[in-house]
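J.: Dropping a structure here in structure tokens format, bear with me for questions.
The values are calculated or read from the model by the stated rules, or taken from the named source; none is laboratory data. Please read all numbers here as calculations on a predicted model, not as lab measurements. Methodologically, a virtual Cβ is constructed for each residue, glycine included, from the backbone with ideal geometry; neighbour enumeration extends over all protein chains shown. Just the protein is used for accessible areas: all its heavy atoms, side chains included, with ligands, DNA and RNA removed. Shrake-Rupley method; radii C 1.70, N 1.55, O 1.52, S 1.80 Å.
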Amino acid sequence: MTKKENNSNRLEQQEDSFYKLSIQVSLNGLSFCILDTIGKRLALSHSLRFNQELSPYDLQRELRESLRVNGVLEYRFSEVVAIHRNALFSLVPQALFSRDDLANYLKFNAKILPTDHLDYDSIDGLDAVNVYVPFANVNNYLYDLFGEFEFKHTATVLLETLVKLPANGTGEICYVHLAEGQMDMTVFSGKKMQYFNSFSAGTGEDIMYYLLFAIEQLGLDPATIKLRFLGEIEAGDATYDLAARYIENISIFVPSGEPYATVGSEEDIDFTLINSL
């Protein structure tokens, strides 16, 4: 079977499918979910946290095994989205962006290799472009499985989702997304993004160090800023209680109504994973 014939068969399968697949990968874990677009429910979801940081090769192996064991390959999909979660990215103002300078945008704040494949996302709702290093071997593997698919960086999905939220009155609001040892911090003033950065933060003390330092550098007041946590944190755990000692207006961010009902899983679905669908 030629590649052209193979892709044609895949397109025929996609046309009569009502399932969408979202996959998120990082060197510290992976997750995926399947959306039933007719029933508006999650037909399947799964997450896996690794005991230690893996190589891209081992990440692909874990993904292949997880898709097989969980029966993902038994479905046909109308859409497949892959989300790459790593710190190898840089936000660039749209006015300064050129596709010929991807390496220049990354080289000052990320260690990149000559063999790295570089890519970028235009961020809907923001006048900015996210330049990043995707896991090329994972993308190649997914292409072999599903044919054409969409991929984005997790920061793109996070920012596109947050910028669409209704403005939270006056003053600043800080969103802190925690997942797999990575902390993504975003500050909005109304609809205007003032700040975004990502940190490796394995403990509550790490999280508070970066949070308070950024608030100080931005000239914000811990007594008035609104702090909303997302991801791997719950009200009353050690990190939440530590933050509450320094930030008065603090809560777990819960979107107004979960977008989809979850079937067959008690696992929490990552904010960026579910919002990529």
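J.: Taking Cα atoms, how many degrees apart are the long axis of helix 204-217 and the longest axis of the chain, rounded to 10 and kept between 0 and 90?
T.: It works out to around 60 degrees.
J.: Using only Cα atoms, find the angle between the long axis of helix 56-69 and the longest principal axis of the chain, and express it within 0 to 90 degrees, rounded to the nearest 10.
T.: The helix 56-69 is inclined about 70 degrees to the chain.
J.: To the nearest 0.05, how large is the calculated FRET efficiency for Y57 and D124 if R₀ is 22 Å and r is the Cβ-Cβ distance?
T.: According to the calculation, E is roughly 0.10.
J.: Calculate what fraction, in whole %, of the accessible area of the chain sits on carbon and sulfur atoms when a 1.4 Å probe is rolled over the protein chains.
T.: On the way: 6880 of 14270 Å².
Carbon and sulfur: 48 percent of the exposed surface of the chain.
J.: Computed over the Cα atoms, what is the radius of gyration of region 145-204 divided by 2.2 N^0.38 Å, N being its residue count? Provide the component values of the computation, followed by the final result.
T.: On the way: Rg = 14.1 Å, N = 60, 2.2 N^0.38 = 10.4 Å.
Scaled against compact globular proteins, the figure is 1.35.
J.: Hey, another quick one. Roughly how tilted is helix 3-15, in degrees to the nearest 10 and between 0 and 90, from the longest Cα axis of the chain?
T.: Tilt of helix 3-15: around 70 degrees.
J.: Using the heavy atoms of the protein chains alone and a 1.4 angstrom probe, what is the accessible area of the chain per residue in square angstrom?
T.: That works out to 52 Å² for each residue.
J.: How much length would be gained if the chain were fully extended between L48 and L73, taking 0.36 nm per residue of separation minus their Cα-Cα distance, in nm to one decimal? Don't skip to the end; give the middle numbers.
T.: Details: separation 25, 0.36 × 25 = 9.00 nm, distance 1.77 nm.
Answer, rounded to one decimal: 7.2 nm.
J.: Taking amide H positions as placed 1.01 Å from N in the peptide plane, with prolines and chain starts having none, which residues 5 or more places from E172, or on another chain, fall under 5 Å of its amide H?
T.: Answer set, sorted by chain and number: K226.
J.: According to the Kirkwood expression over distinct Cα-Cα pairs, how big is the hydrodynamic radius of the chain, in Å?
T.: 20.0 Å
J.: Rg/Rh for region 134-233: what does it come to with C-alpha atoms and Rh from Kirkwood? Write out the running numbers ahead of the final one.
T.: Values: Rg = 16.1 Å, Rh = 15.2 Å.
Taking Rg over the Kirkwood Rh, I get 1.07.
J.: Just add up the charged neighbours of A244: K/R +1, D/E -1, any other residue whose Cβ is under 14 Å from the Cβ of A244.
T.: Details: positive: K226, R228, R245; negative: E234, D237, D241, E248.
Local charge sum for A244: -1.
J.: Right, next: Within the chain, which is the longest segment that contains none of the trypsin sites (Lys or Arg not before Pro) sitting in a DSSP loop with at most 10 other Cβ atoms within 10 Å?
T.: 112-244
J.: What share of the DSSP beta bridges in the chain is antiparallel, in percent to the nearest 5? Before the final figure, lay out each step's value.
T.: Details: 41 of 63 bridges.
Bridges in the chain that DSSP calls antiparallel: roughly 65 percent.
J.: Run the numbers on region 21-154 and let me know its relative contact order in percent, using alpha-carbon pairs under 8 Å that are six or more apart.
T.: It comes to 25 percent, rounded to a whole number.
J.: For a 28 Å ceiling on Cα separation, which of these pairs sit above it: K40/K192; K40/K152; K152/K192; K107/K152?
T.: Pairs exceeding 28 Å: K40/K192.
J.: Quick one: Cα centre-to-centre distance for region 208-222 and region 77-114, in angstrom?
T.: With region 208-222 and region 77-114 each reduced to a Cα centre, they are spaced 26 Å.
J.: Could you give me D for region 95-146, from Stokes-Einstein at 10 °C and 1.306 mPa s, where the hydrodynamic radius is the Kirkwood radius over C-alpha pairs? Units µm² s⁻¹, please.
T.: Approximately 127 µm²/s, per Stokes-Einstein.
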